[in-house]
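Have a look at the structure below, then the notes.
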Amino acid sequence: MSNWDKEVDILVVGSGAGGMMSALVGAHNHADVLIVEKADRWGGTSATSGGGIWIPGSDVAKQAGFDDNLDDAFIYLRKLSAANVPDENIRAYVDNASPMLRWMMANTPVQYMAFPYPDYHAENPGGSAKGFRTHLPNPLDGKPLGADVRTLRFASPAASLFGYLNWHFSETYELLYRQKGWIKNLTKNMAKYWLDLPFRLTSRKDRRLTLGNALTGGLRMALNEKDVPLWLETPLKELVREGDAVTGAVVEKDGKPYRIRARKGIVLAAGGFEKNQAMRDGNAPLYPAARYSGGVTSNTGDSIVAGEAVGAGTMNMQSAWAAPVFYVPGEDRGRLCTVERALPGCIMVNQSGERFLNEAASYHIVGQQMARRQAEHGDADPCWMIFDQEYRHKFPMGPLYPLMPTAMHSKGVRSILKKGRSIEELAGKIGMDPSRLSSAIGRFNAHAAKGEDPEFHRGEAAYDKMYGDFRHSPNPCLRPLDKGPFYALPIYPGDIGTNGGLKTNANAQVVSEDGTAIPGLYAVGNNAASSMGESYPGAGVTIGPALTFGYVAARHMTGGN
Ligand code: FAD
């Protein structure tokens, strides 16, 4: 076929973590690479995220004193993942994750630290209660990005302060517990932000890059060093298949079709279909609401559809990275609720005023339980997060900041916050039977006073305890809610992206339904069906594999290092 407008070795579709990593490894191996991005900003959901990656057996974990075993990691993932995920895919991830991280730290400014962040099912065989498989990026100065920093996506409102100030994971605890020096450090970070002149006069962007901004910003710095172009507002429209192989793609450039030949291959890294309502309705009815997804609005499954049109198979399209989310009216995505649920002084109830889960479990487990509850009983969309005055004073709750009077919060936040002098008054404001809510809280309180939760075991697992208040005993996650006023915020069964997608093999090659590889076509990140199946084994199991399979795909295409 002729009529190509451009030829490259590797075409990468999407500028999230997986896409940028494959582009970079390809460029290092002397390939001519182009990244096309649909949105007018680069970085995808990866840029808005925590940037955490789950890497078994890393060098940095070893330096921190954790000697991991890859067979344990495999056993751990295999048991949690779905039966239809091949062993080879899981093994490819486990074996390549640490080499990928070593490569990234040697070839980009992105540096990672291993954290004592327990696996989400640490009690399972092969799980790590100590953590050190979850790694987080060090903050990075964004100035070397020059003008590109302006088009890097902002951190999620759930992962930044006041919607603009980037913060690092280790600062979370300092702020959360107002530890010694917190005012000084917050003031220092704010001063750094406001004194970033003359940039401050033209942009709200914080050039101290942390979390997902540090990861994607650092990858882009390395891509710029290699002169890899990234075209914004250039969506993939279709793939070109000639014979057995995919040889190119049609993108839209300046409003017109533009044909790009890819001599070595195309990497589809365009995220999931989280923001495509029709695709969710057709594939993932358990997770129906595109609005509540924390993913970026441009992730509408285009490249999954394009892959299917050239014969690709799909897998686990019913699945999502489930999560409880707050939703502030007017915002384009839900805000992931991670830490708050584990802190003492709050509970989650359904619309009948009953607890039905361990609030402190991982967001995926809580999100799945909420979604199933809604599907079976219709009373969990939304649920209500109930907390007392002591909690309100001490800790954040989603978009609500402690020490900041309610009146100083946005109109959207004020519109969803409910307050009552008593539990009964609060119940009336959220349309609940006062006596049911009051007796549910009474039952909870009686046990919480002893640090117990016989029904749902909150605060028992290693993961629960990590986000609990370590200063509070006997159980860092439990305290009776006994002094008003009391507050309620709606909390929804949401997600942080879908995780079913194109079927791939251990080389990240896209395969047909019968498992035959389609030459020239690769898929990584949420564009591909995840090796995790429908599970969420630990913090970083979405971006860890996105980066790892990006690395694997580019090496497979280029035969390089
Ligand atoms: P993305 O990063 O979303 O990139 C896809 C890109 O493709 C986007 O830029 C999109 O615009 C572009 N695109 C879409 N369609 C097209 C098209 N037709 N043509 C061209 N480009 C297209 N996961 C972790 O592992 N660790 C964490 O710490 C973590 N924290 C999170 C925190 C929050 C608040 C949220 C919301 C999510 C978090 N996640 C985390 C989930 C994680 O961010 C995503 O699962 C992951 O970033 C997906 O990466 P990706 O490369 O597949 O897609």
Report summary line: For the stretch 374-400 the number of residues that are farther than 24 Å from Ser160 by Cα and without any contact (Cβ under 8 Å) to a residue 40 or more places away in the chain is 4
Query - Condition check for Asp206: surrounded by 15 or more Cβ atoms within 10 Å (Cβ to Cβ), touching a Phe, Trp or Tyr at 6+ places or on another chain (Cβ under 6 Å) and over 22 Å from Gly18 (Cβ atoms) - result: yes
Query raised in the report: Does any residue of the stretch 128-150 turn out to be acidic (Asp, Glu), away from the ligand (no atom under 15 Å from the Cβ) and open to solvent by 40 Å² or more (accessible area, probe 1.4 Å)?
Result: yes
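Residue-wise test of (1) part of a loop (DSSP other than H, G, I, E, B); (2) within 14 Å of the ligand (Cβ to nearest atom); (3) modelled with pLDDT under 95; (4) surrounded by 13 or more Cβ atoms within 10 Å (Cβ to Cβ).
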{"residue": "Lys188", "(1), (2), (3), (4)": "no, no, yes, no"}
{"residue": "Leu197", "(1), (2), (3), (4)": "yes, no, yes, no"}
{"residue": "Ala214", "(1), (2), (3), (4)": "no, yes, no, yes"}
{"residue": "Gly217", "(1), (2), (3), (4)": "no, yes, no, yes"}
{"residue": "Met221", "(1), (2), (3), (4)": "no, no, no, yes"}
{"residue": "Asn224", "(1), (2), (3), (4)": "no, no, no, yes"}
{"residue": "Thr234", "(1), (2), (3), (4)": "yes, yes, no, yes"}
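Has the stretch 536-543 got at least one residue that is of a type outside the set (S, T, N, Q), within 24 Å of Glu308 (Cα to Cα) and at pLDDT 95 or above?
yes
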Report task. Would you check if Glu425 is assigned to a loop (DSSP other than H, G, I, E, B) and surrounded by fewer than 18 Cβ atoms within 10 Å (Cβ to Cβ)? Result -> no
Report task. Could you tell me whether Ala488 is away from the ligand (no atom under 16 Å from the Cβ) and open to solvent by 10 Å² or more (accessible area, probe 1.4 Å)? Result -> no
**Report entry** Residue within the stretch 347-356 that is within 16 Å of the ligand (Cβ to nearest atom), open to solvent by 30 Å² or more (accessible area, probe 1.4 Å) and either β-branched (Val, Ile, Thr) or in contact with a Phe, Trp or Tyr (Cβ under 8 Å, 6 or more places away or on another chain) (or both) present
**Finding:** no
Report summary line: Inside the stretch 282-313, the number of residues satisfying the requirement of being more than 15 Å from the ligand (Cβ to nearest atom) and open to solvent by 30 Å² or more (accessible area, probe 1.4 Å) is 6
Requested in this report: Search the stretch 519-544 for residues being over 27 Å from Pro56 (Cα atoms) and crowded, with 24+ Cβ neighbours inside 10 Å, and hand back the single one that is farthest from the ligand (Cβ to nearest atom).
Outcome: Gly520
Query raised in the report: Would you call Arg333 touching a strand residue (DSSP E or B) at 6+ places or on another chain (Cβ under 7 Å) and more than 23 Å from Met432 (Cα to Cα)?
Result: yes
Report task. Being in contact (Cβ under 8 Å) with a residue 40 or more places away in the chain, of a type outside the set (Lys, Arg), touching a Pro at 6+ places or on another chain (Cβ under 7 Å) and within 25 Å of Pro474 (Cβ to Cβ) narrows it down to one of Glu359, Glu340, so name that one. Result -> Glu340
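Look at Pro229 and say whether it is in contact with a strand residue (DSSP E or B) (Cβ under 9 Å, 6 or more places away or on another chain) and exposed (fewer than 14 other Cβ atoms within 10 Å of the Cβ). Steps first, answer last, please.
Working: in contact with a strand residue (DSSP E or B) (Cβ under 9 Å, 6 or more places away or on another chain): yes; exposed (fewer than 14 other Cβ atoms within 10 Å of the Cβ): yes.
Against the criterion (in contact with a strand residue (DSSP E or B) (Cβ under 9 Å, 6 or more places away or on another chain) and exposed (fewer than 14 other Cβ atoms within 10 Å of the Cβ)), Pro229 qualifies.
May I ask you to verify whether Pro257 is open to solvent by 60 Å² or more (accessible area, probe 1.4 Å) and within 15 Å of the ligand (Cβ to nearest atom)?
yes
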Requested in this report: Could you tell me whether any residue of the stretch 436-454 is under 21 Å from Pro396 (Cβ atoms) and open to solvent by 60 Å² or more (accessible area, probe 1.4 Å)?
Outcome: no
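The values are calculated or read from the model by the stated rules, or taken from the named source; none is laboratory data. Values in this document were obtained by computation on a predicted structure and should not be read as measured data. Quick reminder, even Gly has a Cβ in these numbers, built from the backbone with ideal geometry, and neighbours come from all protein chains shown. Ligands, DNA and RNA are stripped out before the accessible areas are found, and what is left, the full protein with its side chains, is counted by its heavy atoms. Shrake-Rupley method; radii C 1.70, N 1.55, O 1.52, S 1.80 Å.
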